[in-house]
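For reference, the structure is listed below as structure tokens.
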Amino acid sequence: MFIDRSAIRQLGFSLIEAVVFIAVLGVGLSGVLLAINTATRDSVDPVIRKQALAIAESLLEEVGSMPYTYCDPDDPLAATAANAAACTVAEAMGPEAGETRYSNVTPFDNVNDYNGFSMNPIVDLSNAAITGLGGYTATVAITPAVLNGATALLVSVSVTGPRNTLVVVEGYRTQYAPNAVP
């Protein structure tokens, strides 16, 4: 009896096919495990970044809520001056002598008083350290700007956290009410 070998179906895998399958599966599995390992190792970073962002946004809001006047708000002409030349005490970048963020007597009273301000560690308005924020630092930089023809200040708040996490938020403060004093 004669058997036609070409008519017989071959079943199963060859040794070469099995080795290629194992190699491809190993490479794919190692890639997935590497991604999971990286995600697990860096899973705490979003918390650090969110905390740094919350600090930066809070400080930006504090600075932006201050008046932006022609004169220093302590100047008796601050409420009536039509321009900076009409002031007895013109407002300048940085705090005036004796002003600090933490003083009840002579606190920061204008946006540009915060220029060059820094905190390390992060503290509240009474200068008390805030628990859990010892590893963060914050700095404020203010630069004059013109925004659609209007006088403005660019307020830039930088916060550095653990693992050298850096968050920078910026905002403009326009001089829409130059005679509004606190």
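Where a number appears in this text, it was derived from the coordinates with a stated rule and is not lab data. These numbers were taken from a predicted model, which means no experiment stands behind them. Here the Cβ positions follow ideal geometry from the backbone for every residue, glycine too, while neighbour counts run over all protein chains shown.
For this structure, a couple of remarks:
- DSSP beta bridge pairing in the chain, given as percent antiparallel to the nearest 5: 95 percent
- When the Cα atoms of the chain are aligned to their principal axes, the ranges along those axes come out at 122, 41, 18 Å in descending order.
- Region 143-178 versus region 27-79: alpha-carbon centroid distance in Å: 13 Å
- Long-range HN-HN contacts of Asn115 with modeled amide H, under 5 Å: Gly94
- Helical content of the chain, expressed as a calculated mean residue ellipticity at 222 nm, amounts to -9000 deg cm²/dmol (DSSP H runs of 4 or more residues, -39,500 (n - 2.57) each, divided by residue number, nearest 500).
- The chymotrypsin sites (Phe, Trp or Tyr not before Pro) found in region 52-147 that occupy coil by DSSP, while having at most 16 further C-beta atoms within 10 Å, are Tyr102.
- Order of Asp74, Asp124, Asp109 - criterion: other Cβ atoms within 10 Å of each residue's Cβ, fewest first: Asp124, Asp74, Asp109
- Among Leu59, Leu153, Leu125, the largest mean-square fluctuation in a Gaussian network model of the chain (Cα springs under 10 Å) belongs to Leu125.
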